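Heads up, the thing below is written out as structure tokens.
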Amino acid sequence: MLLPLRWSLVMLLILTGCTINHYLPRHFDFVTVVEKTKPGADGWRAACLHVPVINTQDMSTFVCRFGVDMPIETEADGYLSVTLAQRIAADCANEAGRIVLSAPASPSPGLLCEQFKKKFNEILNRAVLGSRVKTLCHEATTPTIIPVNQ
């Protein structure tokens, strides 16, 4: 059963013309940018990622840069530990990547990056209201540079 799944993933990458790495929770190195100072919904964390998007036709690489902001506590979800925020962000990023890569081929890795950020923002904000994916990283963050195939 594993072989057909692996084959379908390989075919997906060939058909789309681009590939994005799988995200792990450790890729989201959240730092507190607004301290939680009161009970209830309060505080913000941010992470910054630089991710290679590879054009499988000519093997050129485009670095997709984006920031991820998540609240420390929300009314709906309560307190979100760093570990939980990392897990949620990774799961949402992987789902966004799966959706974007399953769509018809993008004309360029740069466009694929923009489509990914838009879809990731949509999915992450549904998971934790108020979360956002931004084009620019917060100045307090250090980019996590994800090597190809990690």
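The values are calculated or read from the model by the stated rules, or taken from the named source; none is laboratory data. Being a predicted model, the structure only gives us computed values, none of them experimental. A quick note on method: Cβ atoms are made from the backbone with ideal geometry, for glycine too, and the neighbour counts reach across all protein chains shown.
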Go through the stretch 130-142 and give me each residue that's surrounded by fewer than 19 Cβ atoms within 10 Å (Cβ to Cβ) and either within 15 Å of Ala93 (Cα to Cα) or within 13 Å of the chain's Cα centre (by Cα) (or both). Arg132, Lys134, Thr135
Please indicate, with yes or no, whether at least one residue in the stretch 75-86 is modelled with pLDDT of 95 or more and within 14 Å of the chain's Cα centre (by Cα). yes
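So which of Asp69, Asp58 ends up being of a type outside the set (A, V, I, L, M), out of contact with any Pro (no Cβ under 8 Å at 6 or more places or on another chain), at pLDDT below 75 and within 23 Å of Ile145 (Cα to Cα)? Walk me through how you get there before you give the answer.
Details: Asp69 fails: at pLDDT below 75.
Step by step, each of Asp69, Asp58 is checked, and only Asp58 is of a type outside the set (A, V, I, L, M), out of contact with any Pro (no Cβ under 8 Å at 6 or more places or on another chain), at pLDDT below 75 and within 23 Å of Ile145 (Cα to Cα).
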If we take the stretch 15-129, then strands (runs of 3 or more DSSP E) inside it with 3 or more residues that are surrounded by fewer than 21 Cβ atoms within 10 Å (Cβ to Cβ) and touching a residue at least 12 places away in the same chain (Cβ under 8 Å) are 31-34, 42-55, 61-74
